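The values are calculated or read from the model by the stated rules, or taken from the named source; none is laboratory data. Since the structure is predicted, the reported quantities are computational estimates derived from the model, not experimental observations. We place every Cβ from the backbone using ideal geometry, glycine too, and count neighbours over all the protein chains shown.
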Amino acid sequence: MAERTALAGARVVLPSGIVESGVVTVADGRIVSAGPDAADAAGAGGGDRVDLAGHWVVPGFVDLHVHGGGGASFSSGTAEESLRAIATHRRHGTTTMLASTVTGDLDELARQAHALSELVEQGELAGVHFEGPFISPHRCGAHEPTLLRDPDPADVRKLVDAARGTAKMMTLAPELPGGLDSVRLLVEAGVIAAVGHTDSTYDATRDAIEAGASVATHLFNAMPSLLHRAPGPVAALLEDERITVELINDGTHLHPATLELAFHRAGAGRVAFITDAMGAAGMEDGVFPLGPMKVEVKDGVARISDGPTAGSIAGSTLTLDQVFRRAVTIDGLSVEQTVRALSATPARVLGLSDRVGSIEPGKDADLVVLDEHFALVGVMRRGAWAVRPTTG
């Protein structure tokens, strides 16, 4: 029998609800049991018992949209930088993540995708997310305008092929020439088509959804506002049960009232909290690259520092443990709602619910330990501690 580890005495958030003074038993990288009965604690197998009284144990976080962290960027196309970004977010509770690229030359993006695919194959990443270059020049945000292009299906196919089966999602503006055909191509290839950085109308967005689009890239940001006679993409994406909406909950990208509107319209089952983090995540203020762009971070807010899009918000410096704490302590969401939006819903989007996203026997032992104030104190990934709790 493999040596067991028991995380005991904590409030454990299961799909069925919160278990007070629960125990999660782990062996061989998987969850063996989870519930209120401590009879199966590690002592029975001579393993390790970690006393977590007064703490929370929640599923590892799943991030659909992250560009980098720890001073490193996935757009570098190097394993060294990518692993540094992964390690940074893992220490903050993200045990599953997509690597998001930034608009660039098509050949360069293909090279990045090929390099990232190796980390997917090694189990470090869950897949590749292409954000750009097939986005609207009117809503490009922190993407280099001169490198944008229409979503020609042949170009879309080139990037998907370069990822060697690891492309999981692509953000595009469906109103551009070739947009709907590209959405259909992505769906047929098993890649999530996400609507974002778009100047689309309500009707055009509806057409994209009917073509197979299923995710809204950072809803509200880089798209037309919701207006009374021109509801635009926001209304179309919020109202359709087939769409999962990404939300950046840092207090900068979205006003709390806007977040509340979206969350309670879509519900935790259709909201995926993301970081959209760039290389500055986990770092002090300074200047950082974001693809070909230069970004300056002041007071934790990242903005393009020069060029025609100077001043535009350039992703975030978030980590998902910060998102969790804000959601519960500031936004007033329940722990169960927050867990679902940070873990179960994005895991479902990625088709990984059989492995991650909730605390259930047989799933990967991806766990996050929080103290009574919802500050992160421990992270376990596949049964190994990335951050071992100092308590107990």
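Worth a mention:
- Against the test of being within 18 Å of Ile274 (Cα to Cα) and in contact with an Asp or Glu (Cβ under 8 Å, 6 or more places away or on another chain), the options Thr217, Thr201 yield a single qualifying residue, Thr217.
- Pair list, Cβ under 6 Å, 6 or more apart: the range 1-20 residue at positive phi, other residue part of a strand (DSSP E or B) and of a type outside the set (D, E, K, R): Gly9/Ser21
- Single residue of the range 228-268 satisfying the filter (exposed (fewer than 14 other Cβ atoms within 10 Å of the Cβ) and in contact with a Ser or Thr (Cβ under 9 Å, 6 or more places away or on another chain)) that is nearest to Leu320 (Cα to Cα): Arg242
- Candidates Glu239, Glu210: the one that is closer than 18 Å to Arg184 by Cβ, without any contact (Cβ under 8 Å) to a residue 40 or more places away in the chain and over 20 Å from the mean Cα position of the chain (by Cα) is Glu210.
- Arg265 vs. criteria of a type in the set (D, E, K, R) and touching a Leu at 6+ places or on another chain (Cβ under 7 Å): yes
- Some residue of the range 113-131 being within 17 Å of Ala222 (Cβ to Cβ), within 19 Å of the chain's Cα centre (by Cα) and either not assigned by TED's automatic domain parsing to the domain that holds Ile313 or not charged (D, E, K, R) (or both): yes
- The residues of the range 187-212 that are surrounded by 21 or more Cβ atoms within 10 Å (Cβ to Cβ) and either closer than 17 Å to Val128 by Cα or not assigned by TED's automatic domain parsing to the domain that holds Arg229 (or both), listed by number, are Val191, Ile192, Ala193, Ala194, Val195, Gly196.
- Condition check for Leu352: part of a loop (DSSP other than H, G, I, E, B), at pLDDT 95 or above and surrounded by 17 or more Cβ atoms within 10 Å (Cβ to Cβ): yes
- On the stretch given as the range 304-324, residues that are crowded, with 17+ Cβ neighbours inside 10 Å and either of a type in the set (Lys, Arg) or over 25 Å from Ala99 (Cα atoms) (or both) total 0.
- Elements of type strands (runs of 3 or more DSSP E) contained in the range 214-313, each with 3 or more residues being closer than 25 Å to Gly132 by Cα, modelled with pLDDT under 95 and not small (Gly, Ala, Ser): 286-290, 293-298, 301-304
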